[in-house]
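Structure first, commentary second.
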Amino acid sequence: MSEKPKLAVWKFSSCDGCQLSLLDCEDELLAITGVITVANFVEASREVLPGPYDVSLVEGSVTTPHEKELIQEIRKESAILISIGACATAGGIQALKNFADVKDYVSAVYAHPEYIKTLATATAISEHVKVDYELRGCPINKEQLLEVVIALLQKRRPNIPLYSVCIECKRRGTSCVMVKGTPCMGPVTQAGCNALCPAHNRGCYGCFGPMEMPNGRSLGNWMIDKKMAEPKDLVRMFRTFNADAPAFKEAGNSYEK
Amino acid sequence: MKDAMPAVCIDRADFDSVIKALAGDGYNVVGPVLREGAIIYDEISGVSDLPEGWGDEQEAGTYRTVKRNDKALFGHNSGQQAWKKFLYPSRERLWSAQGDNAEFKIEPNAETPPKYAFVGVHACDLRAIEIQDIVFMNPETADPRYGKRREGAFIVAVNCAQSAKTCFCAAMGTGPRAESGFDLSLTEIIEANAHYFVATVGSARGETLMQKIKSRPATDADLQAAATRTENAQKQQVRSLDREGVKELLFSSYSDAHWDKIAERCLSCANCTMVCPTCFCSKTEDTTDLSGNHADRWRLWDSCFTVDFSYIHGGSIRKQVASRYRQWMTHKLASWIDQFGTSGCVGCGRCITWCPVGIDITEEAKVFREEKMDPRLRGDDEVVKGTKQ
Ligand code: SF4
Ligand code: SF4
Ligand code: SF4
Ligand code: SF4
């Protein structure tokens, strides 16, 4: 990396929530701008510096023909490309359209569907270009974002766990909501949020997407067996933020009958 | 101790003074509390923090707190996490490093570890602490911070008067009565007109503490009442594990097809290892700040259920979930014996209750046992090919 690396933040189809996590790093942001040149970050400034970029953070899914081209250009201009959030890593909530006919969606949502140019699917960035790192979550976790940026600056491997939410849940000492009767996606979901939902007495919604070796069928079958959920509930649980992530897609489809 | 102090009785009304005396001696007193529908261990300042009148119902993958029909203070069994979370915290800084181009300095974590008093340690968990002592206090692999916390800890054991459906300490020979390793042990007695504790002193520290506590000598009837309580607890145990030859059984089941069967259900979520009071595995993680002049090395609980755990150059050795469950079960019940001279399982039942899909180590052990009895079910390699789905 050059003396003061150039960081660009790009937005595709998304709600901006992940970019806002970067803005949420209030205390750290000043320090970050001291060591990094922020070359493009429309949430924070209108100024756009030309490439190439040392690191690009990409938020959002590829949902329009324009985005399909844009991501190729960004890849060419970026030494390291990190996709951030459920939209960029798995298509996001809008990937629900992959399970339906996009024409029905467009005419249901827009008054003038004829003006809408959209692809039939919402897809992850990695389906279009090579991605160097992925940060999961809807939205991403601020500490993970800082960890990746700092690790890259210091040329070390970032600490991004691939195991289950349960490990974080147990480390922080939360008593398991699942075993106490609330359906929880934690055992099949990747860690990184520090088990936020169970710590607030809720089941994990799976917003960090599939963990390294998810066994969705076993978890789902147990919930059905214990009358914690019906198959239709499981379809919904696997198809929320990461419906198009292969392991969740497969599990969700298997309960759709 | 040469002359063991004879057992005494502490009235329920005077029990608060035990907690207060420990706090007065500078201990962070930890005991059971009711929180978010579970009985867990946390700091307590008096008897009113204890889960009076609450018990628990446990089954594989299920835990519920239930109102008891008495006012027992210790009417519960194993909670989700044992004392490990205090003696061996899930995340701890090992050292910090400070440096720039001129100088690089490493500073060990110098924070004074808290001095704990644990009130309500069940027999199985007491044995689990002793097992972790073998791991962390032997000269070869000593963890000095564990050692400091452990040496400072005051232990008030409570002999169980009931068992959960997931308990099998009797089969593992660890309980329900604590025989040694405590400073003070208690059995809670609740009768129509009386509520008191039969107390046995186990150390000089315990004896000093008891000098501050109002008590009366225990009669034969009191001792009998206490013995009956733990006998009842033992009789209630519905699970068991046949320890006889279990090491050979598991070692010879290495390529058994049943591991794959378990893996169909296992989530590799690691909950079993996280809640197990003897599991000790950890990983280290280095964090750095933005300036790059400061780094910390952290020790974190880890588990043999993660892919990364068996990562060596070129990839992970245990790629399949079957091999990870096999590692866990074989380590707990078999290779632990070779490694530390004792079983790694104390029969607390936590891995059964807190497995999100109720996988039960006692049931799985039985399957291997029954397969060995019936050669047609035996999973040597030829049979594996035929029976695998
Ligand atoms: S509450 Fe959910 S995330 Fe936490 S241990 Fe239980 S199943 Fe796992
Ligand atoms: S293996 Fe299970 S029953 Fe045995 S000590 Fe560990 S958690 Fe308790
Ligand atoms: S069972 Fe697994 S986590 Fe537990 S001590 Fe053994 S290797 Fe470590
Ligand atoms: S045995 Fe249960 S708790 Fe352990 S990893 Fe498998 S599913 Fe998780």
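Each reported figure results from applying straightforward, stated rules to the coordinates on display, with no laboratory input. This structure is a prediction, so every number in the text was calculated from the model and none was measured. Neighbour counts are summed over all protein chains in view; Cβ atoms, including those assigned to glycine, are modelled from backbone coordinates with ideal geometry.
Once the Cα atoms are used to define both axes, helix A:216-225 deviates from the longest principal axis of chain A by about 30 degrees. Here segment A:165-256 is treated with +1 on each Lys and Arg Cβ and -1 on each Asp and Glu Cβ, and its dipole about the Cα centre works out to around 320 debye.
The calculated FRET efficiency for the pair A:ARG236 and A:TYR133, based on their C-beta separation and a Förster distance of 30 Å, comes to about 0.50. Size descriptors for chain B, from the alpha-carbon set: Rg then Dmax equal 22.9, 75 Å. With Cβ to Cβ distances under 11 Å as the rule, what net charge do the other residues near B:THR306 carry (K, R +1; D, E -1)? Net local charge, B:THR306 excluded: 0. Restriction of the GluC sites (Glu not before Pro) in segment A:2-85 to DSSP coil positions whose beta-carbon has at most 11 other beta-carbons within 10 angstrom yields A:GLU3, A:GLU47. Charged side chains reduced to their Cβ positions (Lys and Arg at +1, Asp and Glu at -1) give the protein assembly as shown a dipole of some 900 debye around its Cα centre. Magnitude of the charge dipole for chain B, about its Cα centre and with charges confined to Cβ atoms of Lys, Arg (+1) and Asp, Glu (-1), is about 420 debye.
Placing pseudo-labels 7 Å out from each Cα toward the beta carbon at B:SER96 and B:LYS71 gives an inter-label distance of 4.9 nm. At q = 0.08, 0.09, 0.12 Å⁻¹, what base-10 log of I(q)/I(0) does the Debye formula yield for the protein assembly as shown when every alpha carbon is treated as an equal point scatterer in vacuo? At q = 0.08, 0.09, 0.12 Å⁻¹ the computed log10 ratios are -0.69, -0.85, -1.28.
The Cα center of segment A:219-245 and the Cα center of segment A:72-112 differ in position by 23 Å.
Here is the tail figure for segment B:106-260: Cα pairs spaced more than 20 Å apart come to 62 percent of all pairs. Dimensions of segment A:165-256 based on its C-alpha atoms, expressed as ranges along the principal axes with the largest first, amount to 35, 26, 18 Å. Determine which residues of segment B:66-81 fall in the zone a paramagnetic label at B:ALA194 would reach in this model, i.e. backbone nitrogen under 19 Å from the point 7 Å along Cα→Cβ. The answer is B:70-74.
Take the Cβ atoms of B:ALA204 and A:ALA111, set R0 to 56 Å, and the FRET efficiency comes out at 0.10. Among B:231-237, B:198-204, the peptide with the highest mean count of other Cβ atoms within 10 Å heads the list, and the full ranking is B:198-204, B:231-237. With the convex hull drawn over the C-alpha atoms of segment B:55-182, the volume per residue is 156 Å³. FRET efficiency for the pair A:LEU70 and A:SER45, taken as 1/(1 + (r/R0)^6) with r the Cβ-Cβ distance and R0 = 22 Å, rounds to 0.65. Taking every DSSP bridge with both residues inside chain A, close to 25 percent are antiparallel.
Across every direction, the projection of the convex hull enclosing the Cα atoms of segment B:246-385 has a mean area of 10.8 nm². Measuring from each cysteine beta-carbon in chain B, the ones with no other cysteine beta-carbon under 4.7 angstrom are B:CYS9, B:CYS160, B:CYS167, B:CYS266, B:CYS281, B:CYS304, B:CYS345, B:CYS355. Convex hull volume of the C-alpha atoms in segment A:6-153, normalised per residue: 111 Å³. Compared with the dominant Cα axis of chain A, that is its longest principal axis, helix A:26-35 is turned about 40°. Of the residues B:GLY75, B:PRO139, B:SER17, the one whose Cα sits farthest towards the positive end of the charge dipole of segment B:1-142 is B:GLY75 (charges of +1 on Lys and Arg Cβ, -1 on Asp and Glu Cβ, taken about the Cα centre).
Which of A:ALA199, A:PHE238, A:TYR163 sits closest to the plus end of the dipole of segment A:121-257, meaning its Cα is farthest towards the positive end, when Lys and Arg get +1 and Asp and Glu get -1 on the C-beta? Going by the Cα projections, it comes out as A:ALA199. With the simple spin-label model, which puts each label point 7 Å out from Cα in the Cβ direction, the B:GLU36 to B:LYS235 separation comes to 3.8 nm. Extending 7 Å from Cα along the Cβ direction at B:GLU179 and again at B:GLU103 yields two label points whose distance is 5.7 nm. As an equivalent ellipsoid, segment B:112-178 spans semi-axes of 25, 15, 7 angstrom, where each value is the square root of five times an eigenvalue of the C-alpha gyration tensor, largest first. Separation of segment B:302-368 from segment B:243-257 is 13 Å, based on Cα centroids.
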